[in-house]
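This report refers to the structure that appears directly beneath it.
The values are calculated or read from the model by the stated rules, or taken from the named source; none is laboratory data. Predicted model only: the values in this text are computed from it and were never measured. Quick reminder, even Gly has a Cβ in these numbers, built from the backbone with ideal geometry, and neighbours come from all protein chains shown.
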Amino acid sequence: MTSITNELEKNKDWIIIDLNSTQDLIADCAMRLVYSCQKFPDLFKQGFNISVAGFGIGVNGSAAPKDNVSIIDDILSSLKKHHKKVLITIDEVLHDDNMRHFASQFQIFIRKDYSVFLIMTGLYENIYAIQNDPALTFLLRTPKIHLEPLSLHQITKHYAEIFQLD
């Protein structure tokens, strides 16, 4: 996951959002998107402001309060128009209501044809539980990359190179 994000960060068309699975994933995503988009001043002609507690002033100077999902939706819509892509990463995912809510909302963003992508890593039992959650059946259809256990020989060789050991 780190290699992928490091490579994509070199490309100005990608925005990388790293989320913490123990936080409110929707609120965290909204805040990180707002922060990340500040480096693209042309995205929002009249600016974008957000206040604390998940409510704020929306895109293009709208005076109506926005919840976190609306903020994310507005940003993804604007990013789509500017041909930008968003990669969301979640390390050590947990199978809980927070993840269920986030994944359900992510599915809606996919249906809206936003250029948003998700990489999740975690313990097998957590990934398995998320994939097989009856409310998140779309995850069963998503491409998966199954990684084999690391080779002890490769780990030893890599440590020897890093620490310059025989």
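Tabulated values for the structure
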read-out	value
Sole exception among (1) at pLDDT 85 or above; (2) closer than 19 Å to L25 by Cα for Q154, by number	(2)
Subset of region 104-137 (residues that are polar (S, T, N, Q) and surrounded by 12 or more Cβ atoms within 10 Å (Cβ to Cβ))	S104, Q105, Q107, S115, T121, N126, Q131, N132
Some residue of region 45-67 being in contact with a helix residue (DSSP H, G or I) (Cβ under 8 Å, 6 or more places away or on another chain), of a type in the set (F, W, Y) and modelled with pLDDT of 90 or more	no
Those residues of region 3-37 which are small (G, A, S) and in a helix (DSSP H, G or I), in sequence order	S3, A27, A30, S36
Residue ID - surrounded by the fewest Cβ atoms within 10 Å (Cβ to Cβ), chosen from residues in region 79-103 that are in contact with an Asp or Glu (Cβ under 9 Å, 6 or more places away or on another chain), within 28 Å of N11 (Cα to Cα) and free of Cβ contacts under 8 Å to residues at least 60 places away in the same chain	H82
Residue within region 70-88 that is among the acidic types (D, E), out of contact with any His (no Cβ under 7 Å at 6 or more places or on another chain), at pLDDT 90 or above and farther than 20 Å from I16 by Cα present	no
Any hit, region 121-138, residues being over 22 Å from N20 (Cα atoms) and hydroxyl-bearing (S, T, Y)	yes
